[in-house]
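J.: Before we start, here is the structure in question, set down as structure tokens.
We did not get these values from a lab; they are worked out from the coordinates using the rules stated. Quantities reported herein were computed from a predicted structural model and do not represent experimental measurements. Every residue, glycine among them, receives a Cβ derived from its backbone with ideal geometry; neighbour counts consider all protein chains shown.
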Amino acid sequence: MCHSSPAWSLRPPQVESQFDGPAPDVTAHNFTYDGKTVVALWFETDLAPFVVTNPKSRGGFPERVVPWRSATRLRAAHRQDLVRMLVPAARAPECEVLSGSFAYAPPAGANAYPVDVLGKWKLDVSVYVTPRARALWCPITGVKRT
């Protein structure tokens, strides 16, 4: 059996004051298992990342930290964690194969079968690519601006 517990105050001021910015909303769900009550806490993450003040800093460094959960471990977020979360993931484009051909030519003087890896291989494919992103970003390297 499961039911929410609206009687719980899950964001008391002393907890909310530890956040630099919004604190996550928390809902408690009580489950009865084997005659005992088990409480599960549901943390809303739609306002992530959450930044908490570091009570151990005492004015030193770091004053604030972004907590990050890795499996059952809690640690401070690394730069790549934040970048991965804040930068939208690139969606793979749609690709439609328009035509294609594959050819193999054995080396001179060799038998066609079995296939010799040293033969001449040729693959021609025409593909129509449609980006799924709203904007297309193509990095150009080696271009000098004057």
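J.: Tell me, Thr72, Thr45 in order of fewest to most beta-carbon neighbours within 10 Å?
T.: Working: Thr72 5, Thr45 10.
Fewest-to-most Cβ neighbours within 10 Å comes out as Thr72, Thr45.
J.: Considering the Cα trace of the stretch 2-86, what is its radius of gyration and what is Dmax, both in angstroms?
T.: 15.7, 48
J.: Once the Cβ-Cβ distance between Thr130 and Val97 is put in as r, and R0 is 22 Å, what FRET efficiency do you end up with, to the nearest 0.05? Mind dumping the intermediate values first?
T.: Numbers: r = 13 Å, r/R0 = 0.58.
With R0 = 22 Å, the Cβ-Cβ based efficiency is 0.95.
J.: Here's something else I'd like to know. Farthest toward the dipole's positive end in the stretch 2-86, which of Leu47, Gln80, Gln14, given Cβ charges of +1 (Lys, Arg) and -1 (Asp, Glu) about the Cα centre?
T.: Among Leu47, Gln80, Gln14, the one farthest towards the positive end of the dipole of the stretch 2-86 is Gln80.
J.: Distance in nm between label sites at Gln80 and Phe43, each 7 Å beyond Cα in the beta-carbon direction?
T.: Going by the 7 Å Cα→Cβ label model, 2.2 nm.
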